[in-house]
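Student: First, the structure itself, so that you have it in front of you.
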Amino acid sequence: MIVAGCDVGSLTAEAVILDDGRILAAEIIRVRPRAEQSAREVMDLALARTGLSYDDLTYTVSTGYGRETIPFADHNISEISCHGRGAHFLAPSVRTVIDIGGQDCKAIRVDASGFLEDFVMNDKCAAGTGRSLELMSQYLGVDFSELADLAAQAERTITITSQCSIFSELEIMHYLMEDERPADIAAGICEAMARRVKMLVGRVGVRKDLAISGGVCKNRGVVACLEEMLGATFVPFDQDPQIVGALGAALFAAERAKRSARKTRVATAAAGKGGGS
Amino acid sequence: MIYAGCDLGTISAKAVLIEDGRILAAEVLPYKSLPRQAAGEVFSMALASAGVDKEQVAHCLATGFGKKAVRFAHGDAAELVCLHRAVRALNPAARTVIDAGGQSIRAFNIDSEGRLTASTANEKCAAGTGKFMEVMAQALEMPIDELSRAALDSTHPLSITSQCGVFAESEVITHVNEGRDRLDIFAGISLSVAGKVAGLTRRVNLNREVVLVGGVAKNACVVRDLERALKVELVKPDLDPQALSAYGAALLARDRDPASEA
């Protein structure tokens, strides 16, 4: 049975196609102005990769910030549940998942079966989100993708004291004007990001094992700082950590498809029995 | 005797020169260089406009976020103390002072004896600050003073739902892309700033007369919205609203100078 999950976030959109628990395709794109457009585009890509069409998908679940406006989805489920489920599928020992997206940051605790136990989320303030990291890289004059490499060359870490991403612009500008090394400021940016995420994780309570998902976890600088602050190593995934939400949505899709197939079978059987008597 | 005050804020430097309680010069310089260089520049501007030499200044005090970087100052004083001193001199009837600056928003009460009785300030977040408005004006690609004048006529302010400046900026860009009127967008930003400043002000007592200072006081649209939100008339001091702390520093320089006859 073929099912799909589609995660439309604020900065990227992902699609995963599953065939009986096996990942057939996983795609990531930068979002378009409208959520349905992003969803369609990323799902087209994933389908093209597998040579399938929309008709082959038994069930599709959408998730993420734009989940309610996806026309081809049969159902939508919150990204909190999807991230928990996806992470549990990739690494069953995981009890705490940290997801750092473009516009929010979440710490999710799941039980041994991958069901949601508790979560904390920040979506009111940009601090601790991908957008903030992107902005601070920009203030430093480097691309977001170059920040970790730059931070790796640091001789020391310059502490960024502003919590607010807007205020940190002035702070970074002042450090640059005072001829501080960009690498040392980059290390400070990674550290500030990790500090903010650690505060959030502390509120939900850390239970091992830990895993990290979302775009920011590709930044080695932030991940290394966070591991040090939490005194734990993140369990690695053998998939791109940005697809965890879409994967979780696809897993929910598989469950729902099975459930409705069973219901249909029961209904058919009942109808058959009724007709016989 | 001539006294000076220099205020190194987060986005601009200010210098005020006084003689016998009279203001000789008040200058404001937005940062284009390092704050410590800007301090020297704004001080020279004030000296030039007053037509006096550096040597004639008997005593100078620094204040503001960068006060330790003012190398020519004889000492420094806390910004709140300077602001309080300046308001007492300019508006003795003030009982509530709202200071809405580039990075900080604060509100405090003064009792009938002139004592500071309660104060509150924002800490970590740019919401409601001058910097917040500057970011939005950049997203609208229009000068902020032009926006604030024109937005007074907006009849349909758009609601800006994000408190966070980063997220509000995305909201503004979305509105622009959807072809919304820039003035309606800015009118919405003004309401958001006024709401934030009003919320902070309500943490102290709103006693008349209420004086508004800081760079945001130059924004007509926000001032109107803030008056509506607080349901009170806001009094503006008879001096550049950004130069109050520097003026207070100059007055304190005079108070503290042992050689002062005043």
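Student: Listed residues B:Val193, B:Val176; which is within 14 Å of chain A (Cβ to nearest Cβ), surrounded by fewer than 20 Cβ atoms within 10 Å (Cβ to Cβ) and either aliphatic (A, V, I, L, M) or over 18 Å from the mean Cα position of the chain (by Cα) (or both)?
Tutor: Result: B:Val176 is the single residue among B:Val193, B:Val176 that is within 14 Å of chain A (Cβ to nearest Cβ), surrounded by fewer than 20 Cβ atoms within 10 Å (Cβ to Cβ) and either aliphatic (A, V, I, L, M) or over 18 Å from the mean Cα position of the chain (by Cα) (or both).
Student: Say we look at segment B:67-88 and pick out the residues that are in contact with a helix residue (DSSP H, G or I) (Cβ under 6 Å, 6 or more places away or on another chain) and among the aliphatic types (A, V, I, L, M); which of these is surrounded by the most Cβ atoms within 10 Å (Cβ to Cβ)?
Tutor: Among them, the one singled out is B:Val70.
Student: Is it the case that some residue within segment A:86-94 is at pLDDT below 95, crowded, with 23+ Cβ neighbours inside 10 Å and either part of a loop (DSSP other than H, G, I, E, B) or within 12 Å of chain B (Cβ to nearest Cβ) (or both)?
Tutor: no
Student: Here is a further query. Consider B:Ser49 carefully, then state whether it is in the same structural domain as B:Val223 (by TED's automatic domain parsing), among the polar types (S, T, N, Q) and over 14 Å from the mean Cα position of the chain (by Cα).
Tutor: no
Student: Between a first residue in segment A:176-195 that is in contact (Cβ under 8 Å) with a residue 12 or more places away in the chain and a second residue that is hydroxyl-bearing (Ser, Thr, Tyr) and outside any helix (DSSP H, G or I), which pairs have beta carbons less than 6 Å apart while being 6 or more apart in sequence or on different chains?
Tutor: Note: pairs meeting the criteria are A:Ala187/A:Thr157; A:Gly188/A:Thr157; A:Gly188/A:Thr159; A:Glu191/A:Thr157.
Student: Sort out which residues of segment B:122-173 are within 20 Å of A:Leu170 (Cβ to Cβ), in contact with a Cys (Cβ under 8 Å, 6 or more places away or on another chain) and surrounded by fewer than 17 Cβ atoms within 10 Å (Cβ to Cβ), and write them in order of number.
Tutor: B:Lys124
Student: Considering every residue within segment B:166-186, establish whether at least one is at pLDDT 95 or above and hydroxyl-bearing (Ser, Thr, Tyr).
Tutor: No: zero hits.
Student: Going through segment B:1-56 one residue at a time, which ones are surrounded by fewer than 18 Cβ atoms within 10 Å (Cβ to Cβ) and within 14 Å of another protein chain (Cβ to nearest Cβ)?
Tutor: If the condition is that a residue be surrounded by fewer than 18 Cβ atoms within 10 Å (Cβ to Cβ) and within 14 Å of another protein chain (Cβ to nearest Cβ), then B:Pro30, B:Lys32, B:Ser33, B:Leu34, B:Arg36, B:Gln37 are the ones that fit.
Student: Run A:Asp55 past the list (1) assigned to a helix (DSSP H, G or I); (2) within 19 Å of the chain's Cα centre (by Cα) and report the number of the one that doesn't hold.
Tutor: The number of the failed condition is (2).
Student: Any residue in segment A:147-157 that is among the polar types (S, T, N, Q) and under 16 Å from A:Ala194 (Cβ atoms)?
Tutor: Taking every residue of segment A:147-157 in turn, at least one turns out to be among the polar types (S, T, N, Q) and under 16 Å from A:Ala194 (Cβ atoms).
Student: Here are the criteria: (1) out of contact with any strand residue (DSSP E or B) (no Cβ under 7 Å at 6 or more places or on another chain); (2) buried (at least 21 other Cβ atoms within 10 Å of the Cβ). Tell me which single one A:Cys105 does not satisfy.
Tutor: For A:Cys105, the failing item is (1).
Student: In segment B:75-174, which strands (runs of 3 or more DSSP E) lie fully inside it and hold 2 or more residues that are under 30 Å from A:Arg34 (Cβ atoms), outside the structural domain of B:Cys221 (by TED's automatic domain parsing) and without any contact (Cβ under 8 Å) to a residue 12 or more places away in the chain?
Tutor: none
Student: List every residue pair whose Cβ atoms sit under 6 Å apart, with the two residues 6 or more apart in sequence or on different chains, where the first one lies in segment A:143-160 and is not assigned by TED's automatic domain parsing to the domain that holds A:Ser132 and the second, anywhere, is at pLDDT below 95.
Tutor: So the pair list comes out empty.
Student: Filter segment B:218-255 down to the residues that are surrounded by fewer than 24 Cβ atoms within 10 Å (Cβ to Cβ) and of a type in the set (Gly, Ala, Ser) and list them by number.
Tutor: If the condition is that a residue be surrounded by fewer than 24 Cβ atoms within 10 Å (Cβ to Cβ) and of a type in the set (Gly, Ala, Ser), then B:Ala220, B:Ala229 are the ones that fit.
Student: Separate question: Residues being farther than 20 Å from B:Thr120 by Cα and within 14 Å of the chain's Cα centre (by Cα): count how many of those fall in segment B:237-262.
Tutor: 7
Student: Separate question: Inside segment B:6-27, can you point out the residues that are more than 19 Å from B:Asp99 (Cβ to Cβ) and assigned to a loop (DSSP other than H, G, I, E, B)?
Tutor: B:Asp20, B:Gly21
Student: For segment A:100-206, which fully contained helices (runs of 4 or more DSSP H) count at least 3 residues that are more than 10 Å from chain B (Cβ to nearest Cβ) and aliphatic (A, V, I, L, M)?
Tutor: Correct list: A:130-140, A:147-151, A:182-204.
Student: So, one more: Any chance you could count how many residues in segment B:96-136 are within 13 Å of chain A (Cβ to nearest Cβ) and touching a helix residue (DSSP H, G or I) at 6+ places or on another chain (Cβ under 9 Å)?
Tutor: Qualifying residue count for the region: 19.
The values are calculated or read from the model by the stated rules, or taken from the named source; none is laboratory data. Owing to the predicted nature of the structure, the values given are computational and were not obtained by experimental measurement. Don't worry about glycine lacking a Cβ; one is built from the backbone with ideal geometry, like all the others, and counts go over all protein chains shown.
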